[in-house]
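Participant: Structure provided below as structure tokens; questions to follow.
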Amino acid sequence: MSKTRNAEDTLFFSLSLEYLETYMPKQLGRSAKTIKSHRDALTVFRRFLVEKKNLTIFSFAFKDCTPELIQDFVIHLKEQGNSPGTCNGRLASIRTYIWFAADRNVALQSVAIRISKIPKCKEPKTEKKILSQEEMSCILRQPPNTKLGLRDRTMMVLLYDSAIRLDELLSLRIQDISLDCDDPYIFIHGKGNKERIVAGCITKSGVTDLKDHNHMRIISRLGKFIGKEKTANRVNGAGQPFAEHL
């Protein structure tokens, strides 16, 4: 009579393919960058097991993933010069992966609960240095009066006024920017397909610059200028590519 296999005997990395190729992108809809971050975390953890603990992925099971082992992993990350934020990110990725496994097999819930109780590294609060108004004005005057200079200044003005991410800037469409109102705003297509409105952020000088037709043409082609095609290929409300729209 064959023995019933304990769930905790399941090889730790046996679910990694489903986790990275199916669960993260298709079920959760995570971005490629997020998936890469989780992939990197599992890769770094695997190297730690093999190189520092002399373990093999062909025998390392969920039952072997103890809080003590994970704490050793975090200490190893610190010794390698990783910041507290990076250590916490790696820890969070491992937790997420184990909870995914626990959802697949309820018998692994105990493993997930034990690992979830490991405290995060304390991240020191540091005061961020900011540029003075004079320093920022000096930077904005640097781009030359050329096509590329106009592109650079438009990007700098938008980034400075709105504090949006670079990827969000590259995803902007002309109709996402509303300037002809008392409180100009930008409609942002953000990380994780989240949408939001950033209002009250564009200065009067920024509005003047952006109302210039040439600046609006630059906005529609930011992605192409930077080497990405996604912005140039975005369509306007009429369903036409920006290159054709302009």
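Only the coordinates and a few stated rules stand behind these numbers; no lab work does. Small disclaimer: the values here were computed from a predicted structure and weren't measured. As a convention, Cβ positions derive from the backbone with ideal geometry for all residues, glycine included, and neighbour counts pool all protein chains shown.
Participant: So how long is each side of region 75-209 along the principal axes, counting just the alpha-carbon atoms, biggest first, in Å?
Facilitator: 62, 34, 27
Participant: Counting C-alpha atoms alone, how compact is region 7-116: give Rg to one decimal and Dmax as a whole number, in angstrom.
Facilitator: Using the Cα atoms of region 7-116, the pair Rg, Dmax is 13.3, 36 Å.
Participant: Are there chymotrypsin sites (Phe, Trp or Tyr not before Pro) in region 24-81 that DSSP marks as loop and that have at most 15 other Cβ atoms within 10 Å, and which are they? Kindly include the intermediate steps, with their values, before the conclusion.
Facilitator: Numbers: sites: PHE45, PHE48, PHE58, PHE60, PHE62, PHE73; in loops: PHE58, PHE60.
Loop-located and lightly packed - PHE58.
Participant: Fewest first, what order do THR43, THR126 take by the number of other Cβ atoms within 10 Å?
Facilitator: Numbers: THR43 11, THR126 6.
Ordered from fewest to most neighbouring Cβ atoms within 10 Å, THR43, THR126 come out as THR126, THR43.
Participant: Loop only per DSSP, at most 12 neighbouring Cβ atoms within 10 Å: give me the GluC sites (Glu not before Pro) in region 95-197, ordered by residue number. Write out the running numbers ahead of the final one.
Facilitator: Details: sites: GLU127, GLU134, GLU135, GLU168, GLU195; in loops: GLU127.
Qualifying residues, ordered by number: GLU127.
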